[in-house]
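S.K.: Below is the structure I would like to discuss, written out as structure tokens.
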Amino acid sequence: MTKLLTSLFALFVASATSFAHAQAAAPAASAPAAATAAAPAPQAPNSPKSLQAKVAMCLGCHNIPGYQASFPEVHKVPMIAGQNAGYIVAALNAYKAGERKHPTMRGVADQLSEQDMKDIAGWYAALGQEAGKAVGDKPAREPSPQVAALLQKAACASCHGANFSKPIDPAYPKIAGQHGDYLFVALKAYKTENNSAVGRSNGIMGGIAKQFSNAELKAIANYLASVEGDLKTVPESRFRK
Ligand code: HEC
Ligand code: HEC
């Protein structure tokens, strides 16, 4: 995984560098070239400005069904297709600011401007969504009485919305149908403190996750994963011609 990321970065840096060279070369050229430079330049396929180049950094992990990460324990890479765009931007900003400590995602988010984040988030939010196919308001599968009591205790649905798929704020995540092993890792991360590589400092979820034992968080994660939602992993072959 690290190897893949390194080569993705190398690719990105290479194209960013050639772009920077092209920019730097422009003023050095003869004065009349200024007029040409003002005209909209055709997008080179690998230009760091193109949406395609921006998402290319993500595809190797977020668009491979069942792809697993091994840090801090083996779990599936979260599904982000169909997620709220506002939440994707908020999560990326949290990695960039170090509020979320996951080292790989911090490295990725560091490369992104606010505009890159918005563009990528919009693309992922729309990816795989089918017109007329909306998730209902009631989960198709009811929780066990034990899990129902846990969900009630912290009023999870009051923020994550009906069916855990309709958050009350665009910056809050959809959590229904997300990979259970990832949900468990994420929930534990909100409880983790004083660790330089693991943890999420979040005022809202920190206080909530700390009310539960890890066994309880696992039971919650497994139930949420079993509820049908909007989240998907869309393989590259489905949107690349
Ligand atoms: C090397 C694999 C890898 C690459 C490349 C990668 N990600 Fe991630 N991503 C992960 C893993 C693993 C996590 C879970 C991190 C955690 O536990 O906080 C994650 C988490 C996320 C999250 C948070 C999801 C959630 O539900 O909170 C977002 C958003 C995200 N990635 C977006 C992106 C974007 C956008 C790109 C490309 C610019 C990208 N990622 C590139 C592996 C990757
Ligand atoms: C007061 C509102 C609120 C309540 C109540 C709440 N959440 Fe959250 N939840 C949030 C917000 C906001 C975030 C995003 C935090 C961040 O940016 O890391 C979040 C994030 C999460 C995540 C991480 C999702 C991901 O993709 O990484 C999980 C899992 C989660 N909540 C589960 C729960 C569960 C389970 C409960 C009930 C036990 C609950 N939440 C109650 C607001 C809430």
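What follows draws every value from the coordinates through simple rules; no lab data is involved. These figures come from a predicted structure and were not determined experimentally. Counting neighbours? That spans all protein chains shown, and the Cβs are built from the backbone with ideal geometry, glycine included.
S.K.: Count charges around G128 for me, please; just the other residues with Cβ under 11 Å from its Cβ, Lys/Arg as +1, Asp/Glu as -1. List each step's numbers first, then the result.
M.R.: Working: positive: K133, K232, R238; negative: E130, D230.
That works out to +1.
S.K.: Which number do you get for Rg(Cα) / (2.2 N^0.38 Å) in the range 123-173?
M.R.: Details: Rg = 13.0 Å, N = 51, 2.2 N^0.38 = 9.8 Å.
Scaled against compact globular proteins, the figure is 1.33.
S.K.: With a sphere of radius 14 Å drawn around the Cβ of N195, what net charge do the other residues whose Cβ falls strictly inside it have (Lys, Arg +1; Asp, Glu -1)?
M.R.: +3
S.K.: Moving on to the next point. Which value, in nm² and rounded to one decimal, describes the direction-averaged projected area of the C-alpha convex hull of the range 188-241? If you can, show how the numbers build up before the last one.
M.R.: Working: hull surface 24.3 nm².
For the Cα atoms of the range 188-241, the hull's average projected area reads 6.1 nm².
S.K.: Hey, which lysines would be in cross-link range of K133, C-alpha to C-alpha under 26 Å, not counting anything within fewer than 8 residues on its own chain?
M.R.: Those lysines meeting the cut-off are K76, K118, K166, K174, K232, K241.
S.K.: Could I ask something else about it? With Cβ to Cβ distances under 12 Å as the rule, what net charge do the other residues near M105 carry (K, R +1; D, E -1)?
M.R.: With Lys, Arg at +1 and Asp, Glu at -1, the neighbours total +3.
S.K.: Can you run the Rg to Rh ratio on the range 92-212? Use alpha carbon positions and the Kirkwood inverse-distance Rh.
M.R.: For the range 92-212, the value is 0.98.
S.K.: Okay, moving on. Sort out for me the Cα centre separation of the range 46-85 from the range 192-241, rounded to whole Å.
M.R.: Going from one Cα centre to the other spans 15 Å.
S.K.: Taking the Cα atoms of the range 68-133, what is the range of coordinates along each of the three principal axes, in descending order and whole Å?
M.R.: Principal-axis extents of the Cα atoms in the range 68-133, largest first: 38, 29, 15 Å.
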